[in-house]
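The values are calculated or read from the model by the stated rules, or taken from the named source; none is laboratory data. In this text, all values refer to a predicted model and were calculated from it rather than measured experimentally. Glycine gets a Cβ as well: all are built from the backbone with ideal geometry, and neighbour counts include every protein chain shown.
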Amino acid sequence: MKIVLKIGGSLLKGGVPGPLVRDVALLSGRHSLILVHGGGDVVTDLATRLGKEQRFLVSPGGIRSRYTDRETAEIYTMAMTGKVAKNLVLALREAGVRAVSVSGLDGSLILGRRKKKLVVVDERGRKMLVEGGYTGKVESVDATLIDALRSTGYMPVVSPVAVGEGSIPLNIDGDRAASAIAVATDADALAFATDVDGLMMEGKLVEALSSEEAKKLLPRVGFGMQKKVMASVEALEGGVREALIFSGRSDAPLSRAVEHARCTVIS
Ligand SMILES: Nc1ncnc2c1ncn2[C@@H]1O[C@H](COP(=O)(O)OP(=O)(O)O)[C@@H](O)[C@H]1O
Ligand SMILES: [Mg+2]
């Protein structure tokens, strides 16, 4: 099976969880794995230490996003590609995996379209328009570089940075980047390792649902999980067979998710 695994930033705060990395190493013998990572907190931490206070915007639908100006885009790229991705590569190496980290900039892997204006709400709930800055939407994925790495036995680790018009770096959402890569590489499964067991509704884990059912639930799902459900639906519409959302903190988490044990399966 070809699996695109997105490792959430929620799992990367205190380093990469050992059981997850060892499980990835184990499964890489049987399956073809492509990794994508998050890491928003690492970006905020580095920016703050560099004296660049981060601002977060909230959309009318309650979606929170980083306000990314040119300096923030540079810090974002440094933290994601220089710190988070390289730590993952080292953790994988320790588990016996030869991994190579690349971003959407490398080999023009991910092209993004700059968001021109963003609709946001202020503290008093009033709507306003602000400059989109260096935030982008995934426009296309050219998987040539990923295929080249895989064909020579390397596991690709992809950072969520896209290249925009005028060859500028754009901050893109890791969940959406993972789904676009899953579609572009004809993956069988898109797997999200996060810090909860899966999609919870009324306090219970939703174990299996169709993409139609997932779409209907979207308005009632909180931020963070909502992006994963949306990205899952996009992947399924692009031909990926199943999306898995599971806790990356358990033992052998990916092996269990692939067997549909205690996780959310959207198919
Ligand atoms: N209905 C829901 N079911 C599960 N998690 C939810 C739900 N609504 C909101 N969440 C939140 O989504 C979070 C996962 O998303 P996020 O914090 O972005 O993780 P990651 O860093 O892995 O992308 C959970 O920790 C939880 O707080
Ligand atoms: Mg997230």
In the stretch 124-148, which residues are in contact with a Phe, Trp or Tyr (Cβ under 9 Å, 6 or more places away or on another chain) and of a type in the set (Ser, Thr, Tyr)?
-> TYR134, THR135
The stretch 1-21 residues that are within 17 Å of VAL196 (Cα to Cα), paired with ones that are away from ligand 1 (no atom under 13 Å from the Cβ) and polar (S, T, N, Q) (beta carbon under 7 Å, 6 or more apart) | VAL16/ASN87
Has the stretch 227-241 got any residue that is within 16 Å of ligand 2 (Cβ to nearest atom), surrounded by fewer than 17 Cβ atoms within 10 Å (Cβ to Cβ) and not in a helix (DSSP H, G or I)?
-> no
So ALA208 clears everything in (1) surrounded by 19 or more Cβ atoms within 10 Å (Cβ to Cβ); (2) modelled with pLDDT of 95 or more; (3) touching a Ser or Thr at 6+ places or on another chain (Cβ under 9 Å) except one condition, right? Which one?
-> (1)
Give me a count of the residues in the stretch 1-31 that are at pLDDT 95 or above, among the charged types (D, E, K, R) and within 12 Å of ligand 1 (Cβ to nearest atom).
-> 1
Could you look through the stretch 133-180, keep only residues that are modelled with pLDDT of 95 or more, of a type in the set (Val, Ile, Thr) and within 16 Å of ligand 2 (Cβ to nearest atom), and pick out the one that is nearest to LEU118 (Cα to Cα)?
-> ILE172
Residue list for the stretch 189-205, restricted to those being more than 16 Å from ligand 2 (Cβ to nearest atom) and either aromatic (Phe, Trp, Tyr) or buried (at least 17 other Cβ atoms within 10 Å of the Cβ) (or both) = ALA189
Out of curiosity, is ALA257 touching a Lys or Arg at 6+ places or on another chain (Cβ under 7 Å) and at pLDDT 95 or above?
-> no
Those residues of the stretch 242-254 which are within 14 Å of PRO17 (Cβ to Cβ) and either buried (at least 16 other Cβ atoms within 10 Å of the Cβ) or of a type in the set (Lys, Arg) (or both) amount to PHE246, SER247, GLY248, ARG249, SER250, ALA252, PRO253, LEU254
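Tell me, which strands (runs of 3 or more DSSP E) wholly within the stretch 37-119 include 2 or more residues that are closer than 14 Å to VAL158 by Cα? Working first, answer last.
Numbers: elements: 56-58, 64-66, 99-103, 110-114.
Strands (runs of 3 or more DSSP E) meeting the threshold: 99-103, 110-114.
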Residues located in the stretch 224-239, provided they are within 16 Å of VAL265 (Cβ to Cβ) and basic (Lys, Arg) = LYS228
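So which of GLU123, GLU139 is within 20 Å of GLY61 (Cα to Cα) and either of a type in the set (Lys, Arg) or surrounded by fewer than 21 Cβ atoms within 10 Å (Cβ to Cβ) (or both)? Can you show your working first?
Working: GLU139 fails: within 20 Å of GLY61 (Cα to Cα).
Only one candidate passes the filter, namely GLU123.
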Out of all the residues in the stretch 164-212, which are part of a strand (DSSP E or B) and over 26 Å from VAL16 (Cβ atoms)?
-> GLY164, ILE168, MET201, LYS204, ALA208, LEU209
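How many residues are surrounded by fewer than 19 Cβ atoms within 10 Å (Cβ to Cβ) and either touching a strand residue (DSSP E or B) at 6+ places or on another chain (Cβ under 8 Å) or free of Cβ contacts under 8 Å to residues at least 12 places away in the same chain (or both) when one looks only at the stretch 150-167? Don't jump to the end; show me each part of the working.
Quick first cut of the stretch 150-167, residues surrounded by fewer than 19 Cβ atoms within 10 Å (Cβ to Cβ) only: 150-154, 165-167.
From what's left, either touching a strand residue (DSSP E or B) at 6+ places or on another chain (Cβ under 8 Å) or free of Cβ contacts under 8 Å to residues at least 12 places away in the same chain (or both): 150-152, 154, 165-167.
Residues flagged as surrounded by fewer than 19 Cβ atoms within 10 Å (Cβ to Cβ) and either touching a strand residue (DSSP E or B) at 6+ places or on another chain (Cβ under 8 Å) or free of Cβ contacts under 8 Å to residues at least 12 places away in the same chain (or both) within the stretch 150-167 amount to 7.
Every residue in the stretch 73-105 that is among the small types (Gly, Ala, Ser) and under 17 Å from SER32 (Cα atoms), please. Can you show your working first?
We begin by selecting, within the stretch 73-105, every residue among the small types (Gly, Ala, Ser); these are 73, 79, 82, 85, 91, 95-96, 99, 101, 103-104.
Within the stretch 73-105, ALA95, GLY96, ALA99, SER101 meet the criteria.
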Within the stretch 242-263, can you find the residues that are part of a helix (DSSP H, G or I) and hydrophobic (A, V, I, L, M, F, W, C)?
-> LEU254, ALA257, VAL258
